[in-house]
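A.B. asks: What follows is a single structure, and I will ask about it in a moment.
Values in this text are rule-based calculations from the coordinates and carry no lab data. Please read these numbers as outputs of a predicted model, since none were measured by experiment. Neighbour counts are summed over all protein chains in view; Cβ atoms, including those assigned to glycine, are modelled from backbone coordinates with ideal geometry.
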Amino acid sequence: MVRRSVTPLTSPGQSPLFKATAARLGLDDRQIEQLSLYVATLGKWQPKLNLIGPKTWAEVWDRHVVDSLQCLAHMPLEGSVERGLADVGTGAGFPGIVVAIATGNTVQLIESDQKKAAFQLAVKAATGAPLVIQNKRVEALEASPVDVLFARAFAPLPRLLEWCAPLIDAETTLILHKGRTAAEEIKAAQQSHAFEVESFPSVIDSDSVILRLRNLRPAR
């Protein structure tokens, strides 16, 4: 049996795009240090859990951190987040952990895999980020709608809306990373739900978009 190496990965240096994005967003030294600790913790756990695509490690600051930071532009206005934020199927923690660090808002991380949830707890301990880790399947949660729901590579939109029903109501804003199938997923989801949807080009991947859904309700 060939055993996978568990040697920690060396953190890549912060990319020019990350530095420019951090400056534009006004991230302070403490927040940048928290993000660095997050990436370092990911490097320790990646060889054991394969949390991100191995080929993306060298570009982790752009492919994962900046990709998460772009969500901030699509969030509700500051002060309108009263019921909380949640990231579903969090895995490696993108975008939820990045959002928590960048905004200071508490983010629920919904993750059914126990090992991945343990990684998220390690990130919370290392960074002090305001996180609540829910090691459960999202559909098993008690109904408690949030103000903003994030999901990145979690599930096709129709299934996502079904599974995440406990966290969603008409006041919830959904901010979702989607790829080439976004248009088809929207059309399929409209068979069961009505919603307002906006699509924004990704700053990282020309084949990807950020979808913002609002005013979600059952289709008539």
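A.B. asks: If we count every other residue with Cβ under 13 angstrom of residue 205's Cβ, Lys/Arg +1 and Asp/Glu -1, where does the sum land?
C.D. replies: That sum, taken over residues with Cβ under 13 Å, equals 0.
A.B. asks: Could I ask something else about it? Give me the net charge of residue 117's neighbourhood, meaning all other residues with Cβ under 13 Å from the Cβ of residue 117; Lys, Arg count +1, Asp, Glu -1.
C.D. replies: +2
A.B. asks: Scanning the chain for GluC sites (Glu not before Pro) in DSSP loops with at most 13 other Cβ atoms within 10 Å, what's the longest stretch left with none? Numbers along the way, then the final one.
C.D. replies: Values: sites that count: 78, 82, 142.
Longest site-free region, per DSSP loop and neighbour criteria: 143-220.
A.B. asks: If the elastic network links every pair of Cα atoms under 10 Å, which of 124, 136, 48 fluctuates the most in the Gaussian network model of the chain?
C.D. replies: 48
A.B. asks: Right, something else. Name the long-range amide H neighbours of residue 173: under 5 Å, sequence gap of 5 or more, or other chain; modelled H, no Pro or chain starts.
C.D. replies: The answer is 148, 149.
A.B. asks: Calculate, for residue 7 and residue 140, the FRET efficiency according to 1/(1 + (r/R0)^6) with r their C-beta to C-beta distance and R0 41 Å; round to the nearest 0.05.
C.D. replies: Efficiency at R0 = 41 Å is approximately 0.70.
A.B. asks: Pairing the Cα long axis of helix 29-49 with the longest principal axis of the chain, what angle in degrees results, from 0 to 90 and rounded to the nearest 10?
C.D. replies: 80 degrees
A.B. asks: Which residues in the stretch 87-127 have a backbone N closer than 16 Å to a point placed 7 Å from the Cα of residue 36 along the Cα-to-Cβ line?
C.D. replies: Answer for this model: 126-127.
A.B. asks: When only Cα pairs under 8 Å and 6 or more residues apart are kept, what is the percent relative contact order across the chain? List each step's numbers first, then the result.
C.D. replies: Numbers: 391 pairs, mean separation 37.3, N = 220.
Relative CO of the chain lands at 17 percent.
A.B. asks: Determine, from the Cβ-Cβ distance of residue 50 and residue 192 and an R0 of 30 Å, the FRET efficiency 1/(1 + (r/R0)^6), rounded to the nearest 0.05.
C.D. replies: Step by step, r from the Cβ atoms, then E = 0.35.
A.B. asks: Follow-up question, since we're still on this one. If you count the DSSP beta bridges with both ends in the chain, what percent of them are antiparallel, to the nearest 5?
C.D. replies: That works out to approximately 45 percent antiparallel.
A.B. asks: What are the lysines whose alpha-carbon lies under 20 Å from the alpha-carbon of residue 48, with same-chain residues fewer than 8 places away excluded?
C.D. replies: Straight-distance partners of residue 48: 115, 116, 124.
A.B. asks: Taking H as built 1.01 Å from N, whose amide H comes closer than 5 Å to the amide H of residue 190, not counting residues under 5 places away?
C.D. replies: Placed amide hydrogens put nothing under 5 Å from residue 190.
A.B. asks: Another question, if that's okay. What does the charge count near residue 190 come to, summing +1 for each Lys or Arg and -1 for each Asp or Glu among other residues with Cβ under 15 Å from its Cβ? If you can, show how the numbers build up before the last one.
C.D. replies: Numbers: positive: 159, 178, 187, 214, 217, 220; negative: 162, 184, 185, 196, 198.
So the surrounding residues net to +1.
A.B. asks: With each run of n ≥ 4 DSSP H residues scored as -39500 (n - 2.57), what mean residue ellipticity at 222 nm is computed for the chain after dividing by its residue count and rounding to the nearest 500 deg cm²/dmol?
C.D. replies: -9500 deg cm²/dmol
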